[in-house]
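The values are calculated or read from the model by the stated rules, or taken from the named source; none is laboratory data. Remember, predicted model here, so these are calculated numbers, not experimental data. For neighbour counting, all protein chains shown are included, and Cβ atoms are generated from backbone atoms with ideal geometry for every residue, glycine included. Accessible surface is based on the protein model in full, side chains and every heavy atom, while ligands, DNA and RNA are left aside. Shrake-Rupley method; radii C 1.70, N 1.55, O 1.52, S 1.80 Å.
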Amino acid sequence: MPLRSSSSSSFFVTRLARLCGARSLRRAGAAAAALALTGAACTTSAPNPFPSSAGGSGGAGGGDGGEGGELAPADPTLGGPCVDDGQCEDDFPCTFDACDATVGRCRFTPDDTVCQNDVYCDGVERCSAQLGCTPGEPIGCGDENSCTIDACDEPSQTCTTAPRDADLDGDPDGHCGGGDCDDLDPAVSSAQPEVCGNERDDDCDGDADEGDCVSPEHDVCAEALEISAPGAYAMTTAGAAFHYASSCGLPRPLTTRDVVAAVIVPPGPLVDVEVTARTEGTDVAVTLAGQCGDASTELACGGPFPAAGGGKVAKLRGRGLGDPARPTALPVYVTTAEGAPVVLDVAYLPPAPLPDNETCGTAAPLEPGVPVLATILDAARDLGSACETELGELVYSFELAEPRDVDVYAVSTDGDGAPSLSLRTGGCALPEDELACQTAPAPHLFRRALPAGTYAVAVSASAPTSALVTLELSPPTEPPPDEGCEGAAVLEPNRTTNVSLASHQDDIDLGCGPRAVDAAYTLELGVASDVLLVERLSSGDTGAIALSAPACGGEGDVLACGEGAVTPLRSARHNVPPGSYRVVAEAQLGQPVSVTAFVRPAVAPTLVPFSDVCEGALEIPESGGFFQGNTTNAAADFDAGCDRAGTEDRGAPDQLLKLTLTAPRRVVLDMAGSSYETLLSVRRGPSCPGVEMPLSCTIGTDPQRSFLDLSLDPGVYYLQIDGHAMARGLWFLDVRVVDP
């Protein structure tokens, strides 16, 4: 969260207001600022129970010395005298402001979670009681080892360490324990085959051109693999060189290799030639030419795409090829980013022109119940979509004479790509014309009671593929009560609600997670509250859970967002003002989910400075709370059953908290926002550190960190805050204790 800008006068007004405990001073403008600048003191009728040598908002702003003339240490969270919470607003959203009745002073408790910008690698933002949100210190991942490349990886929110590999050939430098004897030449490594006749030690075994060397096959046009019939052909670029450029050529030319096939089209009617190249993961491209070695005769070219079933795929289609009188040989260049096996599929198809339903204006008709085959290969990209892919799209249209429920389905016929569907209004061409979209192995779009009119369906894919697209129409139905934000069903706090999503559609776009089927609920807060939302997804689904203003109008209404495929998803917001809100749960595949809104009156964060051993373990109130600590300087005192990566006895440094339950309770523990890969273990007492229970130890390597949802009997429990693989750092722990 960026720092809030302010004038120097308002800054000093705020400082003086804290010092004097009077909100009216903030309204005094320049006069009050002048008093602050000149050091003028304020007078109050309340005594100063905690004199301090530190002025400003961090303490009492002066006072008498203690015994022996020494001043008491300043408490940076304390402000001026007060009698109620209303006197203690400091205009910093990241502080929990309240009147501490025990000392009669305003207390401004920092809550670091409010400052987080959800960017891991720039560090953990902190809340200062004097400055508000302050930037974090960027994550330092260097290990001072010249043989490793260290980096902060934002998607995984971890530090990554890779062996030094200067030529990027996948084999670490031999001087650093790898097998690459020449880390400046990507064609030389222990992963490469020995190539015959080049007088070079290609495989780094100490010998050149030894007996098991290989001679590359089909390396040039004169040695092309002849393909005279449709089918699958195995080739390899291992040991080959790079000879033939194309418009879809691959980067890293030092490691790029290619081989050549000659597709023989028999005499007779013209045909379309479709060529597909597949690898297990190496980037691959395929090019069809009219004359071998002549780049100007290129007929078609296909670059690499991630295949839906894994690996990489490239595909092309040459149209109207052959000669009625004699065979026609067409060269095919198969190019890989490095030497690798390739499976080449060749098919002869009836000649067909390029599809003419490229745009909204040339959309082809889509009849209900009649599947159409959409080949996504060489179409242009014309339409904007929230589910946009790297490929273009084909467009279909249909008419509704009366309101109908609409279902659109798609499935790939070859499994190479995941189809992408976009349902659009009759305007069609603009991004705002999109009603719903989905990219999935078998996408399904549903819209309830579409009015009479013209609609369009755009079909694309994540990789070149052919997809069967089907439109189904049915009588209009009534929406369920949790369909949209307006009039959304009420969600009972601290109770889990199961949501089928079977009759739901994609109504709400908050910018939280992918476009997906959603359900909305009303959450009423009578007092300022801490809210934790938890959504459990079905296996294989991706979704989002968000807290929003009632309008659900977009990103500006989002108060908290959790998204991804790791279940359960969580999102939290502390000190949410009283009012009416919406909880929006989304699932991309529309599979069942469960939703829980854990709600409690807002509480100030509790700092855990020590609590390193059994003696003095911090007591968690039975009502729960929010806790923040740092294991950086703690000791490693306790083992954990789920720690499989500890490199030292007792693993990473840890801290210990204690929870006593007087009745059966559901206890939810959430470490989202912690700065490192966490480990959380719950142990049953009464003796410390207790006995670890089944399913009560979890590692948080994903960005949302450790999470436990436990049903616990009355008794004493110890919560071990630990780290995975010796990790340590700043941690957050949200403890929710509710009725079972």
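Miscellaneous remarks
- All of Val534, Val527 fail the test of being touching a residue at least 12 places away in the same chain (Cβ under 8 Å), touching a Phe, Trp or Tyr at 6+ places or on another chain (Cβ under 9 Å) and either surrounded by fewer than 20 Cβ atoms within 10 Å (Cβ to Cβ) or of a type in the set (Val, Ile, Thr) (or both), apart from Val534.
- On the stretch given as region 306-323, residues that are surrounded by 19 or more Cβ atoms within 10 Å (Cβ to Cβ) and outside any strand (DSSP E or B) total 3.
Quick grid of which residues meet (1) touching a residue at least 24 places away in the same chain (Cβ under 8 Å); (2) exposed (fewer than 14 other Cβ atoms within 10 Å of the Cβ); (3) in contact with a strand residue (DSSP E or B) (Cβ under 6 Å, 6 or more places away or on another chain); (4) not polar (S, T, N, Q):
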{"residue": "Val370", "(1), (2), (3), (4)": "yes, yes, no, yes"}
{"residue": "Thr375", "(1), (2), (3), (4)": "yes, no, yes, no"}
{"residue": "Ala379", "(1), (2), (3), (4)": "yes, no, yes, yes"}
{"residue": "Leu391", "(1), (2), (3), (4)": "yes, no, yes, yes"}
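- Top-ranked residue in region 591-607 [being closer than 18 Å to Tyr521 by Cα and surrounded by fewer than 21 Cβ atoms within 10 Å (Cβ to Cβ); ranked as modelled with the lowest pLDDT]: Gln591
- Only listed residue being of a type outside the set (A, V, I, L, M, F, W, C), surrounded by 19 or more Cβ atoms within 10 Å (Cβ to Cβ) and under 17 Å from Ala587 (Cα atoms), chosen from Asp557, Asp541: Asp541
- Scope region 247-270; condition more than 18 Å from Leu344 (Cα to Cα) and surrounded by 20 or more Cβ atoms within 10 Å (Cβ to Cβ); matching residues: Thr255
- From the list Pro193, Pro163, the one residue that fits, being in contact with a helix residue (DSSP H, G or I) (Cβ under 8 Å, 6 or more places away or on another chain) and open to solvent by 30 Å² or more (accessible area, probe 1.4 Å), is Pro163.
- Residues in region 324-357 that are acidic (Asp, Glu), assigned to a loop (DSSP other than H, G, I, E, B) and either modelled with pLDDT of 95 or more or open to solvent by less than 40 Å² (accessible area, probe 1.4 Å) (or both): there are none.
- Restricted to region 703-727, and to residues there that are at pLDDT 95 or above, of a type in the set (A, V, I, L, M) and within 21 Å of Gln628 (Cβ to Cβ), the residue that is surrounded by the most Cβ atoms within 10 Å (Cβ to Cβ) is Ile721.
- Note on region 196-208: residues that are surrounded by fewer than 19 Cβ atoms within 10 Å (Cβ to Cβ) and within 42 Å of the chain's Cα centre (by Cα) total 0.
- Any hit, region 296-305, residues being out of contact with any Leu (no Cβ under 6 Å at 6 or more places or on another chain), open to solvent by less than 20 Å² (accessible area, probe 1.4 Å), among the charged types (D, E, K, R) and under 22 Å from Ala347 (Cα atoms): no
- Evaluation of Ser580 against the conditions (1) at pLDDT 95 or above; (2) surrounded by 20 or more Cβ atoms within 10 Å (Cβ to Cβ) shows that the sole unmet condition is (2).
- Flag set for Gln628, criterion: within 21 Å of Ser571 (Cα to Cα), out of contact with any Cys (no Cβ under 6 Å at 6 or more places or on another chain), polar (S, T, N, Q) and at pLDDT 90 or above.
- Yes/no for Val284 being in contact with a helix residue (DSSP H, G or I) (Cβ under 8 Å, 6 or more places away or on another chain) and buried (at least 22 other Cβ atoms within 10 Å of the Cβ): no
- Region 209-227 - residue that is part of a loop (DSSP other than H, G, I, E, B), of a type outside the set (Asp, Glu) and without any contact (Cβ under 8 Å) to a residue 40 or more places away in the chain and, of those, surrounded by the most Cβ atoms within 10 Å (Cβ to Cβ): Cys213
- Tally of residues being open to solvent by less than 20 Å² (accessible area, probe 1.4 Å) and assigned to a strand (DSSP E or B) across region 485-510: 1
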